[in-house]
Amino acid sequence: MSHTFLTTRYTDDIYQLIVKLCAEDIKLRDKKIKIKKIELRKKPDFLFLLTCLWYLILGKFWNKEKIALLKYKNINFGIRLLSITFRSFDSYVSLNKYYYNLFKNIYLISKIFYTADFYEKKYDFDYVYIDHMEYLNGIYFEVFKNKKRTFYTNHYPNNIVKTQKKNIDAYNTIYYKNKKYSEKKKKAILKTAKKVYGSIKDFLPWMNLTKWSSMSFKNLKDYKYIIYAHSFTDSQLGYGYDGFANTLEWLEYTIEQLKKKKKKF
């Protein structure tokens, strides 16, 4: 009997390697599997769109804090809506473009809900790989978790994670293990690592487009605080909503507070 292994991504780069590693883990239990990539359906979830229309009438979309709390079928889609909307640089520089992206992503989310329900009804599956759960793909997890299934994902700092837990935050948990590897295993790990990082163009094509520069800092002891500013368009709200819709809002608030207290940073 062949078991369906659903995956949100199966592209010709590092994700092919990740999915194959997950597939090998399933095969270790003497199970034949068939890898099936999730394809976004064109049809939207009309009930979701009607729900959003009601939220619009209630004025929920004019406040980021209210957006972050929005739910559909007991699934918090609002925090993912904010996260994907602020993936676009335009959302920061133009209020009109922010709302354009916001409502465009609402329609995209409607298709994701429909797609998740489609695969739930049409396919019998026990294994799923989901990439970037902190974004819209987290909706697939929320829909699929209602049955006993094994989920795979990859997330810093845990690399590839396998879980049957129904809490989406479980894959962020750090487990410390004092694990020793044999010399044979160490060589195999190093060989795979060199294959990946030695060919950025094949496995990490986005890194191939990155421009790098270095800076030297002197007299760091003169500063009371050092602020690490993460990219404003990447990995927003991955650990939940804390009152800031993105790291730019957090950075502006932090700088304002340090200035008020006359701290050197």
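General remarks:
- Take the Cβ atoms of residue 188 and residue 234, set R0 to 22 Å, and the FRET efficiency comes out at 0.10.
- Cα-centre dipole for segment 1-86 with unit charges at Cβ (Lys and Arg positive, Asp and Glu negative), debye to 20: 280
- Between residue 149 and residue 195, full extension at 0.36 nm per residue minus the direct alpha carbon distance yields a gain of 13.4 nm.
- Under the convention that each Lys and Arg Cβ holds +1 and each Asp and Glu Cβ holds -1, the size of the dipole of segment 1-176 around its Cα centre is about 480 debye.
- Screening the chain for whole DSSP H helices with an alpha carbon extent of at least 15 angstrom along the helix axis and a mean Kyte-Doolittle hydropathy of at least 0.5 yields 14-27, 46-57.
- Fully extending the segment from residue 90 to residue 159 would add 21.8 nm, taking 0.36 nm per residue of separation and subtracting the current Cα-Cα distance.
- Ordered by the count of other Cβ atoms within 10 Å of each Cβ, fewest first, 8, 254 give 254, 8.
- Farthest positive-ward along the chain dipole, Cα basis, beta-carbon charges - from 160, 56, 77: 160
- Among the listed pairs 37/97; 36/71; 34/66, those beyond 30 Å (Cα-Cα): 37/97; 34/66
- Footprinting exposure proxy for 28, 82, 21 (fewest neighbouring C-beta atoms within 10 Å first): 28, 21, 82
- Charges were assigned to the Cβ only: +1 to each Lys and Arg, -1 to each Asp and Glu. The resulting dipole of segment 110-161 about its Cα centre is roughly 160 debye.
- When the helices of the chain are scored as -39500 (n - 2.57) per DSSP H run of n ≥ 4 and the total is divided over every residue, the value at 222 nm lands at -13000 deg cm²/dmol.
- Residues residue 262 and residue 211, FRET efficiency given R0 of 30 Å [Cβ-Cβ distance, rounded to 0.05]: 0.25
- Links that overshoot a 29 Å alpha carbon limit, given the list 20/111; 60/261; 32/121; 64/221: 60/261; 64/221
- In this rough spin-label picture, where each label sits 7 Å from Cα along the Cβ direction, the residue 180-residue 253 distance is 4.7 nm.
- Ordering 66-78, 214-226 by mean Cβ neighbour count within 10 Å, with the highest value first, yields 66-78, 214-226.
Values quoted throughout were computed directly from the atomic coordinates according to the rules given, and no laboratory measurement underlies them. Keep in mind it's a predicted model, so treat the numbers as computed, not measured. Ideal geometry is used to build each Cβ from the backbone, glycine not excepted, and the neighbour counts take in all protein chains shown.
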